[in-house]
Amino acid sequence: KDSRKYTGIVEDCCCDYETVESLNKEVLNPLLQELVTTPFFRYFKVKLWCDCPFWLDDGMCHLRDCSVCECPDNEFPEPFKKPIQNKLSSDDLICQEGKPEATVDRTLDNKDFRGWVVVDNPWTNDDETDNGEMTYVNLQLNPERYTGYAGPSARRIWDAIYTENCPKYPSGEFCQEKRVLYKLISGLHSSISVHIGAEYLLDEASNLWGQNLELLDERVLRYPDRVRNLYFTFLFVLRAVTKATNYLEHAEYNTGNPAEDLKTQSLIRQLLYNPKLQAACPLPFDEAKLWQGQSGPELKQQIQKQFRNISALMDCVGCEKCRLWGKLQVLGLGTALKILFSVDGQNNVAQPLQLQRNEVIALVNLLNRLSESIKFVDEMGPTVEMTMKNR
Ligand code: FAD
């Protein structure tokens, strides 16, 4: 008898829990796990200073497991050091004549890759222009896991995010767009908690790391909403990746190592054109349902501003490693939002999709982190719940 706890369609999405789990386990997770180890996807450019625009540094930056080791200059790929061209010219603007205002285009035709660019992301706060404050980090050497960052400093960030920038919707009251923002953040929060539980410092003296299933239960499994939001966020980001298929297929994964770069290209194609994914969950999330009402453009600006604030709050995270992964994952979400809602309904003009190399790196790494979380919850959830019940 099927004793699944989560059944039916993931709320606001188009696929069911069981399909997500089997697709993730059999196809997506193995591909993503391999993809993030390639040279293209393992180096992330980031500004790691604590320069919080909201309050003063509270001195939390010095916890041992919080430190990030930056890449020496000779480690990260040579092509990443070359200056990147600036934005496309206004000739590249595409008029969306004849399209009803405020609707969202489900396709991204004729917007293929035209070279990596430095281009603003309206959903995020960071100025991505290369400068001396940016460093490259090898993500494989700095895994997202338990760091010891907790207490008032961490609480202040989550409180500021939830209370000021994406309040939990009173059931049935909020419009769908605001609900989506809340669920994306809550899903990301669940994923961070899952990774803390999956790789926890069990004994400081002997530096013993392992799983903390009680933490997984207390922070995530006990709250079905948090689990559901994790699945939602995964499907949302997966949809952004599949929507950008044309772009991602033609993008340049050049790190100066032809064998590795060919492998990256091949893994990307296997992900984008996966027959099992296309058969089982062809439209993981339907973005065309959003921003439909008369207030669509205004609402979009409001939510964009809230998301930008959340992005700025990442500079207040008082633990370097958490800040690194917080910035990466919020940039990944911002990239997904940019891909899904790139048509500017207000001016009825859309720019061809342009992504920064760092945005694509963040997007794929975020999808991998979410995929890892779903796999862990799927594998450990039933055992943990059984153990807790028998206590
Ligand atoms: P918290 O996780 O701090 O949660 C605070 C409150 O938010 C909870 O009491 C609850 O009311 C609500 N809440 C919790 N989960 C959800 C959810 N999924 N959806 C909606 N509401 C929720 N620590 C590490 O060890 N490693 C990391 O890599 C790491 N990365 C972080 C990244 C960021 C951006 C931030 C802000 C913090 C990070 N932390 C990390 C700290 C970690 O998230 C917790 O804040 C810390 O472990 C203390 O946990 P807590 O039990 O007090 O609850």
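The values are calculated or read from the model by the stated rules, or taken from the named source; none is laboratory data. Quick caveat: nothing in here was measured; it's all calculated off a predicted structure. Using ideal geometry, Cβ is built from the backbone for each residue, glycine included, and neighbour counts are taken over all protein chains shown.
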Just for helices (runs of 4 or more DSSP H) wholly inside the range 172-274: which have at least 2 residues that are away from the ligand (no atom under 13 Å from the Cβ)?
176-198, 224-243, 245-250, 258-272
Consider V117 carefully, then state whether it is at pLDDT 90 or above and farther than 20 Å from E287 by Cα.
no
Looking at the range 150-170, I want the residues that are farther than 14 Å from I303 by Cα and among the aliphatic types (A, V, I, L, M) and have a partner that is modelled with pLDDT of 90 or more and near the ligand (Cβ under 7 Å from one of its atoms) with Cβ atoms under 7 Å, at least 6 apart or on another chain. Which pairs are those?
I157/V317
Under 7 Å by Cβ, and 6 or more places apart or on different chains, what pairs join a residue from the range 177-197 that is among the β-branched types (V, I, T) with one that is within 10 Å of the ligand (Cβ to nearest atom)?
I185/I161; I185/C166; I185/I310; V194/V220; I196/R145; I196/Y146; I196/L215
What number of residues within the range 141-164 are assigned to a helix (DSSP H, G or I) and of a type outside the set (K, R)?
12
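Okay, residues lined up against (1) surrounded by 16 or more Cβ atoms within 10 Å (Cβ to Cβ); (2) on the phi > 0 side of the Ramachandran plot; (3) of a type in the set (K, R); (4) out of contact with any Cys (no Cβ under 9 Å at 6 or more places or on another chain):
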position	(1), (2), (3), (4)
K263	yes, no, yes, yes
I268	yes, no, no, yes
A280	yes, no, no, no
P284	yes, no, no, no
K289	no, no, yes, yes
Q301	no, no, no, yes
